[in-house]
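Read through the structure below, which is laid out as structure tokens, and then see the notes.
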Amino acid sequence: RIASILRHQSYCAHLLGPMAPSTFRSAVVPAVTLLLALVFMGQYVLLEVRQTRRDLASKFDVQINAQMQAINRLEVELKKTKDLSDWTVRHIERQEIRSAGALPVLPPAPQAPRTIVDVVKTPCPNRTGASEQLYRMHVFVFTYNRVTGLQRIVKSLVESDYLGHKVDLTLFIDNQKKTPDKTDSPDFGTSQSTDTPIMLWVRNELAWPHGDLRVHRREKNAGLKRSIMEAWYPMTDDTMGAFFEDDTEVSPLWYKWVDTALRRYYFVPNRSPRLIGLSLYRYVHDELNSRALRVDNGHRPFIFQSPCSWGAVYFPGPWRQFRDWFPTVATDPKLPWSTPSNDWFWWDSWKKFLIKLMWENGLHMVYVHLPDNMVLSTNHLMKGMHNLPPREKFELPLLTREHYAQAQAAGTDLLQCPPLTQLKVLDMKLKEHASVTDLPGATSNYQLTI
């Protein structure tokens, strides 16, 4: 429109009318033309500015909405973490003195911890003939309403050989949901009941002869993910955490292998900060890749870039780092490649978070590897939170004292722990590597929480 006016100045002369003198028209027409051009140009610029402001406002609205949603999700997680009015476990070790460094920042402990059951037994007497104990083992067992499973795992733990060491047991009992579901037994009781089968067994029969015993019961349902994530924040670097759910069972020799492995892989100079623990279970079917896991190494332990939730010992430094990193994740921790774990409900699975952390930082565990698919901890696949996988792929036989004695008589040590550099290394996709430094994420800026 402006260009047209500039090209056709006769339009301005037409506006002035035929009565104006020609000299007047010749002087005024260019000025009027320029004025009209400036007016139209100003209107155009104003329209463009308004449109630009609307576009920017729309983009900012989208970004702000996304940030607010992330903040809301984070606030929900933080509220779950800080709402400790019905939970005391997280602060059990607050009185312990760290060997070095400052105490980690934790939410303040509640003024009046509300735990329905809090049984603390006195330490057992010193045992004669015990080997040197370089660490303190804390065994954690998590249960909800499966009393038969709880009795089985505790029985197997009681009957294990602890080499004369003091080992502490802490039992975590989650409470019933407000709305019972198909996993709840009909005699589980009300949310405030203390006469459930589990509570009756705890009060009347539970005994732990190897160290301190603590029992904690929620007043409100929290779920397995939150129970595990709030169970342990190690305050020293010589305390180990052994995690078991109530559908697992251990070999009586599990601690013997763990003790050997800790002396070989943990209490050594320049230990790797990316080695996060020891797995008592050995997958024959890998659930992240939906295929068989075969390791041809003469039944020696191997290194695997994947966590284990069916019986494992985690080291204190990496677990502290995992605990500190966990609340910062406000979205579904999916992996950048196609895997069944991406379909797990992330609000139910603590393991999905650890999978993500291990993949991004080259973290790994040492897995036990015994002949005939024997393991030091197995899963009995009891009905619970998740769908049950095929039993033949995951319920494996436990190593017995008889098996171990027969192998020793034949000159074979089934609980051998060769040097770490001699172990086979597999990444999360089951690809073999020459060294743990070649694992995906091994070059990340990963640092342990001091």
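Asp413 falls short on exactly one of the conditions (1) at positive phi; (2) loosely packed, with under 12 Cβ neighbours inside 10 Å, and that condition is (1).
When region 159-183 is limited to residues that are open to solvent by less than 20 Å² (accessible area, probe 1.4 Å) and either in contact with a Pro (Cβ under 6 Å, 6 or more places away or on another chain) or assigned to a loop (DSSP other than H, G, I, E, B) (or both), the one that is modelled with the lowest pLDDT turns out to be Asn175.
Looking for whichever is touching a residue at least 12 places away in the same chain (Cβ under 8 Å), of a type outside the set (Asp, Glu) and under 18 Å from Glu245 (Cα atoms) here; the options are Met382, Met365. Which one fits?
Numbers: Met365 fails: under 18 Å from Glu245 (Cα atoms).
Result: Met382 is the single residue among Met382, Met365 that is touching a residue at least 12 places away in the same chain (Cβ under 8 Å), of a type outside the set (Asp, Glu) and under 18 Å from Glu245 (Cα atoms).
Taking region 293-313 as the range and being open to solvent by less than 30 Å² (accessible area, probe 1.4 Å), touching a strand residue (DSSP E or B) at 6+ places or on another chain (Cβ under 9 Å), more than 11 Å from Val368 (Cβ to Cβ) and not β-branched (Val, Ile, Thr) as the test, the residues that pass are Leu293, Gln305, Ser306, Pro307, Ser309. Restricting region 318-335 to residues that are in contact with a Phe, Trp or Tyr (Cβ under 7 Å, 6 or more places away or on another chain) and aromatic (Phe, Trp, Tyr), the residue that is least open to solvent (accessible area, probe 1.4 Å) is Trp319.
Scanning region 336-353 for residues that are buried (at least 16 other Cβ atoms within 10 Å of the Cβ) and under 22 Å from His285 (Cβ atoms) yields a total of 8. Within region 387-407, the presence of a residue that is closer than 30 Å to Met235 by Cβ, in contact with an Asp or Glu (Cβ under 9 Å, 6 or more places away or on another chain) and not hydrophobic (A, V, I, L, M, F, W, C) is excluded.
Which residues, taken from region 269-281, are modelled with pLDDT of 95 or more and open to solvent by 10 Å² or more (accessible area, probe 1.4 Å)? If you could, list the steps in order and put the result at the bottom.
So in region 269-281, the residues modelled with pLDDT of 95 or more come out as 274-281.
Arg274, the sole residue that qualifies.
Can you find even one residue in region 215-224 that is in contact with a Lys or Arg (Cβ under 7 Å, 6 or more places away or on another chain) and at pLDDT 95 or above? There is no residue in region 215-224 that is in contact with a Lys or Arg (Cβ under 7 Å, 6 or more places away or on another chain) and at pLDDT 95 or above.
Among the conditions (1) among the hydrophobic types (A, V, I, L, M, F, W, C); (2) open to solvent by 10 Å² or more (accessible area, probe 1.4 Å); (3) within 25 Å of Phe326 (Cα to Cα), the only one that Val284 does not satisfy is (3).
Of all the listed residues (Ser156, Ser193, Ser251), the sole one being more than 21 Å from Trp347 (Cα to Cα), of a type in the set (Ser, Thr, Tyr) and modelled with pLDDT under 95 is Ser193.
If a residue must be surrounded by 12 or more Cβ atoms within 10 Å (Cβ to Cβ) and touching a strand residue (DSSP E or B) at 6+ places or on another chain (Cβ under 7 Å), how many such residues does region 433-450 contain? Please lay out each step first, then the result.
Our first condition is that a residue be surrounded by 12 or more Cβ atoms within 10 Å (Cβ to Cβ); within region 433-450, this holds for 433, 436-442, 444, 446, 448-450.
Now restrict to residues that are touching a strand residue (DSSP E or B) at 6+ places or on another chain (Cβ under 7 Å): 433, 436, 439.
Qualifying residue count, region 433-450: 3.
For Ser290, the conditions (1) open to solvent by 30 Å² or more (accessible area, probe 1.4 Å); (2) under 28 Å from Ser251 (Cα atoms); (3) within 20 Å of the chain's Cα centre (by Cα); (4) polar (S, T, N, Q) all hold with the exception of (3).
The values are calculated or read from the model by the stated rules, or taken from the named source; none is laboratory data. None of the values given here were measured: they were computed from a predicted structure. Every residue, glycine as well, gets a Cβ built from its backbone with ideal geometry; the counts of neighbours run over all protein chains shown. The protein model used for the area step is the full one, side chains on, heavy atoms only, and it has no ligands, DNA or RNA in it. Shrake-Rupley method; radii C 1.70, N 1.55, O 1.52, S 1.80 Å.
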